[in-house]
Amino acid sequence: MIRAGIIGSTGYAGAELARLLVQHPETEVVWCGSRSYTGERYSSQYQNFNGLLDLDCRDDDLEKLSEEADVIFTATPQGYLASVINEDILSRAKIIDLSADFRLKDVSVYEKWYKLEHKAPQFLPEAVYGLCEINREQIRNTRLLANPGCYTTCSILSLYPLVKEGLIDPMSIIIDAKSGTSGAGRGAKVANLFCEVNESMKAYGVANHRHTPEIEEQLSYACGKDVVLSFTPHLVPMMRGILVTAYASLVKDVSWSEVEQVYKKYYEKEYFIRLLREGCTAETRWVEGSNFMDIGWKTDPRTGRIIVMGTIDNLVKGAAGQAVQNMNLMFGLPEQMGLMQVPMFP
């Protein structure tokens, strides 16, 4: 059994990790870390775990945890892991980090967008960006995994085949993304109160959202040159889900089926990516509670553009599910293990 520890276990992503790991046939949760609830029973905070995960919450002592666990998930704010990681910890346990601390290779870009000094740049060269469908072989051999963000996962996977094959002008990309409120975390914020969110929709982080450089960096790797794009996220009154609608200029006229062949080249054998039939559009309700991603598209001959629609559950494929998928690869397990949940509806 793989002994797993979670730092930040009482946040939404941490709780989703616990839910998936408790059901995983090859893992045992040995540590539920939480600064806010240290000493309290985990199932007293999330009663859905009654009788399933009744550990007492512990602190975030990564040194001690690395002696008890084979893999550590850090579902923590930006800056935490970089401030405590060291060689001794990594020599004892593999780390899957759900923050942005090791996603961006350029320290100056991280510090500019996150307004933080990076405390452990020496580990950036070995950190692997954990998009399984793109970096599978590197993931198998790493001990430090940077789990991608939810918006970035949906945006990158929606566009990657088109950028990789040179079917679109990468400098023309516009990404319009929408997320449920769980993406903002569990912390108490006035802007996230029911009365503030219900019956409303808003854009935020306009022209400066910190996931922008992450999307640009990964798509730049795909096309071999720097990509600059527009990314605008929106908050919508639902609990779960990400919907990305991306627009880009085509470099030549193509039919729907020709685009389908491009997507199939990269994703036909990917279990968790489902390519939609012609005329179908992606909907968040059809992936909720699962690790699946649905992708649809439509070409627009009138404007010479393509519109791509991708959707994921932000807490599963956009966070915890992807982290478990990465863990499976890192420990030589079948990639789908523990992630076979059918999407929930209604």
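Mind checking which residues of segment 32-66 are in a strand (DSSP E or B) and either at positive phi or under 22 Å from the mean Cα position of the chain (by Cα) (or both)?
Going through segment 32-66, the residues in a strand (DSSP E or B) turn out to be 32-33, 41, 56, 58.
Hits for segment 32-66 are Cys32, Gly33.
Looking for something under 21 Å from Lys225 (Cα atoms) and over 15 Å from the mean Cα position of the chain (by Cα) - is there at least one such residue anywhere in segment 125-138?
yes
Only one residue in Asp56, Asp70, Asp97 is acidic (Asp, Glu), crowded, with 19+ Cβ neighbours inside 10 Å and more than 20 Å from Val316 (Cα to Cα), so which one is that?
Being acidic (Asp, Glu), crowded, with 19+ Cβ neighbours inside 10 Å and more than 20 Å from Val316 (Cα to Cα) holds for just one of Asp56, Asp70, Asp97, which is Asp70.
Looking at Ala191, Ala222, Ala207, which is the one that is in a helix (DSSP H, G or I), of a type in the set (Gly, Ala, Ser) and loosely packed, with under 15 Cβ neighbours inside 10 Å?
Every option except Ala191 fails the conditions.
Could you tell me which residue of segment 255-305 is surrounded by the most Cβ atoms within 10 Å (Cβ to Cβ), considering only residues that are over 18 Å from the mean Cα position of the chain (by Cα) and at positive phi?
Filtering first and then ranking leaves Gly304.
Condition first: within 21 Å of Glu335 (Cα to Cα) and buried (at least 22 other Cβ atoms within 10 Å of the Cβ). Now tell me which residues in segment 1-14 satisfy that.
Ala4, Gly5, Ile6, Ala13, Gly14, listed by residue number.
Name the one entry in Ser155, Ser179 that is under 30 Å from Ile85 (Cβ atoms), touching a Cys at 6+ places or on another chain (Cβ under 8 Å) and touching a residue at least 24 places away in the same chain (Cβ under 8 Å).
Exactly one residue qualifies, and that residue is Ser179.
Filter segment 95-110 down to the residues that are of a type outside the set (Phe, Trp, Tyr) and part of a loop (DSSP other than H, G, I, E, B), then identify the one that is farthest from Leu65 (Cα to Cα).
Among residues in segment 95-110 that are of a type outside the set (Phe, Trp, Tyr) and part of a loop (DSSP other than H, G, I, E, B), the one farthest from Leu65 (Cα to Cα) is Asp106.
Only one of Ser91, Ser9 is of a type in the set (Gly, Ala, Ser) and assigned to a helix (DSSP H, G or I); which?
Ser91
Only the coordinates and a few stated rules stand behind these numbers; no lab work does. Nothing here was measured: the structure is a model prediction, and the numbers come from that model. Positions of Cβ are generated from backbone atoms using ideal geometry, with glycine treated the same way; all protein chains shown enter the neighbour counts.
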